[in-house]
Structure formats: C-alpha cells, structure tokens
Amino acid sequence: MAGLAKTIGNGAATNSFTEIGPHSNCILMIGSNPENGHPIAAMHIQRALNRGAKLIVIDPIKTEFASRADVHLQLAPEHNIAVINALIHVLFEEDLINWEFVNAHTKGVEYVREVVKDYSPETVSKYANLNPEDIRKAARMYATIRPAVITHGMGVTHFNHGVGAVCDISNLFLLTGNVGELGSGDLPIRGQENVQGCCDMGVLPNIFSNLGSVTDPEQRAWFEKVWHLEPGFLSGKIGLHKTEVPDAILDGRIHFFWTMGENPVMTDPNTNHFLKAISKIDMYVCQDIFLTETSLKADVVLPGVASSEKEGLYANAERRVQHNEAVITPPGDARQDWWIICEIARRLGAKEGFNFKSPEEIWEEERKCDPRRYGGMSYYRIKKHHGLHWPCPNEDDMGGQSLYLDKKFFTPDGKGKLIPCLHVGSLAEIEPAKEEFRKRINLPDDWEVMAGSVDEPTDENYPIQLLTTRKVYQYAGGIMTRRSKAIENGGDSIGPIAEMHPNLTKRYGIKHGEFIKAWSRYGYIVIKADITDVVPDGIIQMTYHYWESCCNELTSNGWDLIAKTPTFKAAIQIKRIEEDEFLRIRAEKRIKFQTDKVIFDDYHHHPCTGDAPVVH
C-alpha cells in the first residue's frame, strides 16, 4: 500500500485481525464489503459488534454491515477524500485531536489543518449526498471511543486517488492517536489470499524482495553481493506495472507476455483493450491449473498446481507467514510453479541462482535477503507456531503481530507524516490544484500533496455510474468456484445480475428479472436486472465473476496516478431488450470467452453506441 508507505513507512497492516473481536471498541469500515469478499475479516468484526463495539460504514452501497451500522455515510462514489477531510475538519473544530500523540509522534499537522478548512460537513454534504450531522457523529465516535480500528478495501484503492485516500485514512488515525495499541490502527483488506506475500517478495516493479527500491544504489549493491553478481549488473530502472502492459504491447515495447495463476481476460479492466493487446503479442504463455478464459488464448499453457498440491509459504493480510502442506499429488504433467520458473531460467542460460531443490531452499535465500523481517522465521518455527508475523528478525522473536507499540514508525525519523489531500472537480484539475495549494501555504518541496477526482463523470450519453463488486459465493473470475455444482445450481443459481435502484428502473421502464443491454465507451454486455434499494439511484452494481456478463467489458483504463491500480469503473448507458436479443448476444460472448479465438470490440478507436460493434 503506497499510501501507508508514504505516511508511516510501510504499507502493510498495522495490527492483526484477531485483535478486532476482543479489543476494538469502534470500527470504521470504508470501501469494503467483507461479508461478501472477506468472510474471515467479517467474522472478527462481528465478534466485536456482538461485544457492543460501535460501527461506522463509509460506502455508497447499503452493504450488510452498513444496515447494522451506528452511522452509515452513504457517500457519492469516488468522494472518499472529501468525506475523510470532513471528518478531520470536525476533529479540529471540536478539539478532538490527540495533541499529545500528534506533537510527540507526527509531523505536518499544520498542512492538514489548512487543507481541511475547505471541507466542512455542510460543504461536503452538498456534493457527497450526505447529512452533515451524520459526518459529525461519525467523527466524534471514531475520536472518542477507543481503541478504534479502520478497515478498508478496494473501495478505497480502486480510484485515481487511491493512494491519496489511504494517506487521508492515515491522517485520521494519526490525528486521533488510534495506532500503536491493540485493536487500533489500519487493516487493509487484500484482494486475494497471498497479495501481501507477492508484494513482500518483490513482485511489484519498483521494489526488491526486502521492500528496498530498485532505484536505490545501496539496495542494488546489497542484492548484487547476496546473489553473487558483478557490481552494476542490476538495473535501477523501474519496470512496468501490469496495467501498463497492454499499451506496451500495442506500441511494440513488449513481445513476450507470461501470465501466472491469473485470469486477466476476466479480471482486468477494459477487456477489449486487453484482448486487442494479446492479439498482437508475439508470444503469450499462461501458467495455470485450468484452461481459463485467458489460457484458452495463449500460445503455450504451462500446467501449474493447485494449493492442495503445492508446498510453500503464504503471507496473509496481517503479515502472518504460514506454511501450506501439499496433500495431493499433482495430476499428469502438472509441475510446481517454482520448478517451472527455475527450469525456464536455466534453459535461458542462468548458470546459478535457480538451482533450488525445494521451496524451503528458496525461503532460506529470502531470509538472507531480508533478515530484518524474516531472520527468525525458519520453516521449523513457522510450522511450530502455526505462522509468524513479520518483522521477526531473530530466532528468539515471536514476530510483530502488532506494529508501532513503541509509537515509532518505519519512517527515517520514526514519526508519522501527515499529508494534505484534496478532492477536485475533474481529472484535469488534479495537478493545478496541487500546485495552487502548495504555493498558497508555502509547502516544502519535499512534502507531498495528494489530490483526486471522479475519474469518469456521467453525462447525457452515459448517465449511469457503474460500480463493480464481489459475491460471497464466487471467487475472482470464478475459474474455481464456478466448477462447483453446489454453487452454480444452488447458492448462486441466480448468476450475473445488474443491481439497480427502483427509481432508475422506473425511468427506463425495466422490471425485475428483465433483460438489459449495458454499454460504455469500452464495450457492451447483456444481463438481467435486479431491483434493490441497496444501491442508490443513478448507480448500477455488477460482479466480475461471469463470462456471460463480464462487467470488465464496460470498465475503463483509468488508474491511480501513483500506484497504477485500476479504477474498475465507468459511466454507462442501458436499455431494455427482448429475450431473443439477449440469447443472441450471449451466444456471441460464448465464442468470445470460451474458445481460443481472440475477439475484441475495438471501441478504443470506434466509440460505442450500443449498436453493432466492430469485431476483429
């Protein structure tokens, strides 16, 4: 999480989810839907609520937890910074700042105090569709009922200002001192089970596997020494983020693409743009356990293994490293993922560095590369203690389940950095607004300011805002869960739906269960209408589990301007259609997603009108 890394020096969770049930007396849940997407986190939150803890939910959707919240701030989508600034405005106005903590353990309070002057609850409520008294109630509750914890999910990070919103969340817990004790802090809810582990191992294009920057000469020298490389061998150039890959293919910078354990045809934004890119790639390789919608399009498929067939380590959202034991022999020619990587490296000429015999050998090298986090995490100790949280620097250490108990952060001076954040009217206004604020308060050159906006506003042609989410029955692109007959024909027999407010369906003359066509500037789908008041008027919510109605055909290429994380949003239009048109288009989608043909609708160059597409 780049936002937390900027403010407290590290992007991982500050505490353990297990602390919520017994210790957290107030929970602020923003942009997350754990009862559907993260049931283990939901279990710990429910335990706290059963004990009498207070709950604040900030979300445009009336989720299950929102319906049980003490305060639900049902804000307009993509207004997180504005609403958090309004909460902070109340903290200053009503003297709810923990000045003892702020003065001793943070810096930059004067910059945040200045920025939130323009974000009174009365002002923000007008464009965020909120009641100002609800904002004040939430601010008082979070500041006075301690310890208070924040949990946030992709409803915070999937915006052009995701990093900025996380910085503002950090401002909130630093200003109230709600960090550095059991049951407090910030717990980012990750998207998959080993997202934290992938980031920790240096999968991101800008860091090494000890979280050191690839642009840092000292870090490169350290790894050259550990890996027995010649001085100067490692490049200081930051690589490409995955969201940059389709454009890099199309402009000729990438000729070979290797996808491991992922189904981007389903789960990446702007499906047609991605399909166009892989239609142009010289060589596309997929490594997976099934023939997915993506691997069907590959030139070569490398058969990997499922979690029950592999042995190794995972790191979960609370930094706990756990061991996974293989219990099933892989079928046929399936191979361990680490073995495939090492074998290809050796065949490409790597003479050393890939001669591992087991996952434990790979882990022992990682412990040498990052002794501060993993020095005390031998396989024996990880198994004995059923997992250990990093940092765990030596064999006598039980790991850091809760960070910052000494009130010292992972920043160079140990202090939390308060970063001013702005909400502006449009994408084009972001940089000018940041520059204007910087000049107005004479912000130091080395001090950052964040800003964000609604990424793709609605208009006359596309008057509805699309939000994407998950169902509790399905996982990611559905490649595993949709093979379950109990789910497909039981719990999730309803399949893909477009959740719509009654007022919206009334304006369009659509009844519950009728067929609709939805289109954006990027693609079109057909889907059934589901009338519900969990979504506000003017918004449609869909899930991305189904090839039959893949909502990522509608989403844009928008991304966070720093982390390059996709926004997964779009402005869309809809119309009611008859069953014969619905079935005809579903048949077209079957060919598009369930065969080896690479078919894309070229809306990148031909604007979508909801009529017949340009198909390649």
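The values are calculated or read from the model by the stated rules, or taken from the named source; none is laboratory data. Fair warning: this is a prediction, and the values are worked out from it, not measured in the lab. So basically every Cβ, Gly included, is an ideal-geometry build from the backbone, and we count neighbours across all protein chains shown. Note: accessible area is taken over every heavy atom of the protein model, side chains too, but ligands, DNA and RNA are not part of it. Shrake-Rupley method; radii C 1.70, N 1.55, O 1.52, S 1.80 Å.
Points worth noting:
- Extents of the chain, taken as max minus min of Cα coordinates on every principal axis and listed largest first, are 67, 64, 49 Å.
- Surface accessible to a 1.4 Å probe, per residue, for the residues of region 294-372, Å²: 55
- Distance from the C-alpha centroid of region 415-481 to that of region 214-281: 24 Å, rounded to the whole angstrom.
- Taking a straight Cα-Cα cut-off under 24 Å and skipping sequence neighbours fewer than 8 places away in the same chain, the lysines within cross-link reach of K384 are K310, K357, K368.
- Cross-link reach is defined here as a Cα-Cα straight distance under 16 Å, omitting same-chain residues fewer than 8 places apart; for K383 the aspartates and glutamates meeting it are E311, E325, E360, E361, E364, E395, D396, D397.
- Computed about its Cα centre, the charge dipole of the chain is approximately 680 debye, with only Lys, Arg, Asp and Glu carrying charge at their Cβ.
- Charge dipole of the chain about the Cα centre (unit charges at C-beta), most positive-ward option of G491, H152, W227: G491
- Percent RCO, i.e. relative contact order, over region 54-180, from Cα pairs under 8 Å lying at least 6 residues apart: 30
- Legend: residue pairs K506/K575; K117/K407; K107/K408; K6/K564; K237/K297, Cα-Cα distance threshold 19 Å; pairs beyond threshold, K117/K407; K237/K297.
- Mean silhouette area of region 125-173, derived from the convex hull of its C-alpha atoms and averaged over all directions, reads 4.0 nm².
- Fraction of accessible area attributable to carbon and sulfur, region 270-417 (%, probe 1.4 Å): 54
- Summing +1 for each Lys or Arg and -1 for each Asp or Glu among the other residues whose beta-carbon sits under 12 angstrom from that of G416 gives +4.
- Residues in region 72-79 carry Karplus couplings, in order, of 10, 8, 8, 6, 5, x, 6, 10 Hz; the curve used is 6.51 cos²θ - 1.76 cosθ + 1.60 with θ = phi - 60°, and Gly or Pro positions show x.
- Size descriptors for region 30-130 (Cα atoms only): Rg and Dmax, in that order, 15.7, 40 Å.
- Taking amide H as placed 1.01 Å from N in the peptide plane, the amide H of I189 sits under 5 Å from that of H152, G153, each at least 5 places away or on another chain.
- Those aspartates and glutamates that a straight Cα-Cα span of less than 12 Å connects to K415, excepting residues fewer than 8 apart in one chain: D406
- Taking the Kirkwood radius as Rh and the Cα radius of gyration as Rg, region 76-217 has a ratio of Rg/Rh equal to 1.01.
- Cα centre as origin, Lys/Arg/Asp/Glu Cβ charges: region 168-290 dipole, Debye: 300
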